[in-house]
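Worksheet: the structure to be examined is printed underneath.
The values are calculated or read from the model by the stated rules, or taken from the named source; none is laboratory data. No experiment lies behind these values; they were computed from the predicted model shown. Neighbour counts run over all protein chains shown; Cβ positions are idealised from the backbone, glycine included.
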Amino acid sequence: MVFIGCYSIKAGYSPMIISCSFGFAVFIVILTSRKYSGAHINPAVSIAFSITGQLENKLLVPYLIAQFTGGIIAAYLVGDFGATEFSVDTSFGIGIEVLITFVLMMSIYLTIFRTDNDLIVALIVGSVVACLAFIFGTYTGASMNPARTLGPNLISNSISVVPIYLISTIFGSCLAAYLVKIKISNNQ
């Protein structure tokens, strides 16, 4: 995802194409790897899944290491392109990242609780990523993914905002996870 999305930024494509590139990358990863590994490319999603039981806790740390390593390697290959940064007030940017990561995580839950079809899951989640990236990308870079921020920002030497993105995206996904967990426990 980092390689394809950030490469589209490097190529100078329009915001629509860049957003679709990120969404397409998510689509491809889900379609090709969900049945093998759960298509975990987002630490915020993996953390949320560990809270609600879709990911075994013993797999969380290895997945996080792999995701952050992948984001860094992809960013290194692309170069100094795609760092996330706020073009709005920091508190507003944090709110956006919490909101869009929450929306992404809820779309994932709502989809996987209704179907196990990889194509449908890939299409919906990839589309949600593309839409959120297009709508909010100019304000925050529409990270929704700590590995998507860490890699490009590390390579671009723009690390001061990394903790803000890590906390806000993880908070957004965990908020969704706890709401889902409450809903599940109330239905039992």
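Regarding residue 39, is this residue buried (at least 18 other Cβ atoms within 10 Å of the Cβ), at positive phi and not in a helix (DSSP H, G or I)? When the stated conditions are applied, residue 39 passes them. When segment 42-75 is filtered for residues that are exposed (fewer than 15 other Cβ atoms within 10 Å of the Cβ) and in contact (Cβ under 8 Å) with a residue 24 or more places away in the chain, only 73 remains. Is there a residue in segment 122-130 that is over 19 Å from residue 4 (Cα atoms) and either in contact with a Gly (Cβ under 9 Å, 6 or more places away or on another chain) or free of Cβ contacts under 8 Å to residues at least 60 places away in the same chain (or both)? There is no residue in segment 122-130 that is over 19 Å from residue 4 (Cα atoms) and either in contact with a Gly (Cβ under 9 Å, 6 or more places away or on another chain) or free of Cβ contacts under 8 Å to residues at least 60 places away in the same chain (or both). Checking each residue in segment 85-116 for being buried (at least 18 other Cβ atoms within 10 Å of the Cβ) and either touching a Phe, Trp or Tyr at 6+ places or on another chain (Cβ under 6 Å) or free of Cβ contacts under 8 Å to residues at least 12 places away in the same chain (or both) picks out 93, 96, 98, 100. Can you tell me which residue is nearest to residue 141 (Cα to Cα) among those in segment 12-33 that are aromatic (Phe, Trp, Tyr) and in contact (Cβ under 8 Å) with a residue 40 or more places away in the chain? Out of the qualifying residues, it is 22.
When segment 34-64 is filtered for residues that are farther than 18 Å from residue 105 by Cα and modelled with pLDDT under 95, the ones remaining, listed by number, are 35, 36. Looking at residue 155, is it over 25 Å from residue 17 (Cβ atoms) and β-branched (Val, Ile, Thr)? When the stated conditions are applied, residue 155 does not pass them.
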